[in-house]
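Visitor: Here it is: the structure, laid out below.
The values are calculated or read from the model by the stated rules, or taken from the named source; none is laboratory data. Because the structure is a prediction, the values reported are computed rather than measured. Methodologically, a virtual Cβ is constructed for each residue, glycine included, from the backbone with ideal geometry; neighbour enumeration extends over all protein chains shown.
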Amino acid sequence: MKKYIKYNDIEVVYKENLHGGGIRFGQQFIPVVKEKFGHIDHVFEFCSGPGFIGFSLLANNLCDKLTVADINPEAIKVLNETISKNGLESKVAAYLSDCLDAIPETEKWDLVVGNPPHVLAKNEEEYKKDITLYDPQFNIHKKFYRDIRKFLKPTGSILLQEHTESTSVDDFKGMIEQNGLKIIDVFAYNSPVIFNSKKNGVGFNSTTFKKLINPIKVYKFLKRRIFPPIPRNYYFIHAKIA
Ligand SMILES: C[S@@+](CC[C@H](N)C(=O)[O-])C[C@H]1O[C@@H](n2cnc3c(N)ncnc32)[C@H](O)[C@@H]1O
């Protein structure tokens, strides 16, 4: 079933099985990009799924152009729906691509963002069980860091979000440095999640109303909205061309 989430004027189409955290911890990119980079020209969202991070950066006027890519054709379908629904054809390009393999080299980016699969899988079989979660032998990260330089503008930055319980920066340091890149900063964003979508506000739509029927659910629902959980499990790696 299709779902929709609104970031300012952009309504993002998605399906629950395509959601890999971009609605929740992925929204940390908004304050982080605002603080560290301000407004930039062209953003690329790697392993974008439905593009929650990229579209919310665009909707918050933090970039002018957006490129998104994912290996899953279902994700590309919803990405294209979001593009046409919101009339974003002149600003957003979507590619079906295994890592960066199918991206034309004419693409040049100021900032690359993303929350790629963050759990190390032993092999391809394990990866295929959940492609939103597993990175087989870190091959996704290895291919990304091997190829990203040719798409980065000389002053461009890479900002990937990783999971503290699954990896540390040491897992990626080698692949970053071996490919002519350098780590600028590794940091966590530990403020409450920014629920910056209209659908995440406390409103009285039909879903909210159903929740009101059960007092325990109402309590949990309001508590989550008033005291949003602080996601301490994620960190960012900021890298640039060395
Ligand atoms: C953690 S999810 C993040 C999705 C989205 N950014 C979000 O937050 O909802 C990881 C994404 O990586 C994609 N993916 C997995 N393997 C890939 C590959 N080899 N190349 C490109 N994308 C890949 C998956 O399809 C999935 O959409």
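Visitor: When you look at Phe151, is it modelled with pLDDT of 80 or more and either in contact with a Cys (Cβ under 8 Å, 6 or more places away or on another chain) or under 23 Å from Tyr134 (Cα atoms) (or both), yes or no?
Guide: no
Visitor: What tally of residues in the stretch 155-193 results from selecting those that are over 18 Å from the mean Cα position of the chain (by Cα), under 16 Å from Phe138 (Cβ atoms) and hydroxyl-bearing (Ser, Thr, Tyr)?
Guide: 1
Visitor: Right, next: Give, as residue ranges, the strands (runs of 3 or more DSSP E) completely inside the stretch 1-91 that count at least 1 residues that are more than 10 Å from the ligand (Cβ to nearest atom), of a type in the set (D, E, K, R) and buried (at least 20 other Cβ atoms within 10 Å of the Cβ). If you could, list the steps in order and put the result at the bottom.
Guide: On the way: elements: 2-7, 10-15, 40-45, 63-70.
Passing ranges: none, list empty.
Visitor: I've got another one for you. Could you go through the stretch 127-143 and let me know if any residue there is closer than 28 Å to Ile5 by Cα, more than 18 Å from the chain's Cα centre (by Cα) and of a type in the set (A, V, I, L, M, F, W, C).
Guide: Checked the stretch 127-143: no residue is closer than 28 Å to Ile5 by Cα, more than 18 Å from the chain's Cα centre (by Cα) and of a type in the set (A, V, I, L, M, F, W, C).
Visitor: Could you tell me whether any residue of the stretch 121-141 is within 19 Å of Val33 (Cβ to Cβ) and of a type in the set (A, V, I, L, M, F, W, C)?
Guide: So far as the stretch 121-141 goes, no, none of its residues is within 19 Å of Val33 (Cβ to Cβ) and of a type in the set (A, V, I, L, M, F, W, C).
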